[in-house]
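In what follows, a structure is listed as structure tokens, so that the remarks can point back to it.
The values are calculated or read from the model by the stated rules, or taken from the named source; none is laboratory data. The shown structure was predicted, so the numbers you read here are calculated from the model rather than taken from an experiment. Here the Cβ is made from the backbone with ideal geometry for all residues, glycine too, and neighbour counts use every protein chain on show.
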Amino acid sequence: MNRLPLSLAALAIALVLGGACGSSPPTGPETSPYRLSFDEVGPDSEDTEIFTMRSDGSDLVQLTDDDLFQSEARWSPDGSMVAFLVHHDGLPQLAVMNADGTSSRRLTDSGAFEGSARWSPDSRSLVFHRAIDGAFEIHSINADGTDERQLTIDDPDVDDWDRWPSFSPDGSTIAFNSTRNGNEEIFLMNADGTNQRQLTFNEEWDGVPEWSPDGAYLAFGRVSEQIDRIIRSNADGTEAMHLTLSDGLDGDRLAVWSPDGRTMAFTSARAGFIELFLLDIASGVISQATDLDAVVWGPVWSPDGMHLAFTIDRYGEIYVLPVDANEATPTGQVGEHLQWIPAKTP
Ligand SMILES: [Ca+2]
Ligand SMILES: [Ca+2]
Ligand SMILES: [Ca+2]
């Protein structure tokens, strides 16, 4: 696997320390009442498992334990289930388990590459993409494995990719990317696949759209040969505007809305390396949130908006940044595909 080697000794120590910490409540400004999940190579194996931990890196819990690769855990909005990818014959397939790791089962057996699973807001179904003969199409399936449907069309005359679906906060609409009309554009469709319509029209690369918490906007990166920036569009496609703009390829990417919709975190090379930045949407003021001389990857907001977690160098150490402080803290854990668990730690 293309990832940094994990110090198995460090992980073993962390497991022991985590156990020693028991159920003592988190303390201090650095800790969050919400836990993080991620995937990483297991302590006794060459394959990956799904773990959870407190935001300070303590109380590590391993949810899977087998010789298959598990990755990309996605917690249902109600916190009861986890969707993830499990690799069979090298191909990631969609699976689910209970939040405590029990009742793990595959949802699909397509023999094709699957990924980018996203829950419906009611926690009852998932959308994901599947590549057959190199062509991505978007599918939906109930969390109990029933009613699988292909939502986008495999047009034999068009060599297109339909990828990266996500539900609007009210569950009525799915945003996704498609190359069906020549280059990467953003599309919308109804949750049942009907009424597919194009939102962006340009020659540039439009990135993965992120819904604002109120569902009114979509944010995404747009890259041309000269410039890249983060765009905010009304969800009906009108009034697209740039939220960030730079004079060169500064790599303003991976924009994620704060839970209250007022702040956008994004990564950028505008100060060298790739650091985390915060944009106050109302004022347009951008502040640099990290100075780690590293590549910040995959920032995610805690459900209460108090913390941001991210990895450095993509597969490296997990950091947590209290938003009110200006110093990110290493957790001592390594992993990727960070997610905050929606339910507070009891
Ligand atoms: Ca495994
Ligand atoms: Ca298609
Ligand atoms: Ca485009």
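May I ask you to list the residues in the range 28-57 that are more than 16 Å from ligand 1 (Cβ to nearest atom) and modelled with pLDDT of 90 or more? Steps first, answer last, please.
If we filter the range 28-57 for residues that are more than 16 Å from ligand 1 (Cβ to nearest atom), which is where we start, we get 28-36, 53-57.
Listed by number, the residues that qualify are SER32, PRO33, TYR34, ARG35, LEU36, MET53, ARG54, SER55, ASP56, GLY57.
More than 16 Å from ligand 2 (Cβ to nearest atom) and in contact (Cβ under 8 Å) with a residue 12 or more places away in the chain: which single residue out of ASP144, ASP170, ASP154 fits that description? Break it down into steps so the answer makes sense when it comes.
Numbers: ASP144 fails: in contact (Cβ under 8 Å) with a residue 12 or more places away in the chain; ASP154 fails: more than 16 Å from ligand 2 (Cβ to nearest atom).
Just one listed residue meets the conditions, ASP170.
Per-residue answers, yes or no, for (1) among the hydrophobic types (A, V, I, L, M, F, W, C); (2) within 15 Å of the chain's Cα centre (by Cα):
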{"residue": "THR52", "(1), (2)": "no, no"}
{"residue": "PHE69", "(1), (2)": "yes, no"}
{"residue": "MET81", "(1), (2)": "yes, no"}
{"residue": "PHE84", "(1), (2)": "yes, yes"}
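Which condition breaks for PRO77 when tested against (1) more than 14 Å from ligand 1 (Cβ to nearest atom); (2) touching a residue at least 40 places away in the same chain (Cβ under 8 Å); (3) not in a loop (DSSP other than H, G, I, E, B)?
Just one mismatch for PRO77, condition (3).
Counting residues that are under 21 Å from the mean Cα position of the chain (by Cα), which strands (runs of 3 or more DSSP E) fully inside the range 239-346 reach at least 1? Lay out the reasoning, then the answer.
Values: elements: 253-257, 263-268, 275-280, 286-288, 296-301, 307-312, 317-322, 329-334, 336-344.
In the range 239-346, 253-257, 263-268, 275-280, 296-301, 307-312, 317-322, 329-334, 336-344 are the strands (runs of 3 or more DSSP E) which contain 1 or more residues that are under 21 Å from the mean Cα position of the chain (by Cα).
On the basis of being acidic (Asp, Glu), more than 13 Å from SER168 (Cβ to Cβ) and either away from ligand 1 (no atom under 16 Å from the Cβ) or surrounded by 20 or more Cβ atoms within 10 Å (Cβ to Cβ) (or both), does GLU210 make the cut?
Values: acidic (Asp, Glu): yes; more than 13 Å from SER168 (Cβ to Cβ): no; either away from ligand 1 (no atom under 16 Å from the Cβ) or surrounded by 20 or more Cβ atoms within 10 Å (Cβ to Cβ) (or both): yes.
When the stated conditions are applied, GLU210 does not pass them.
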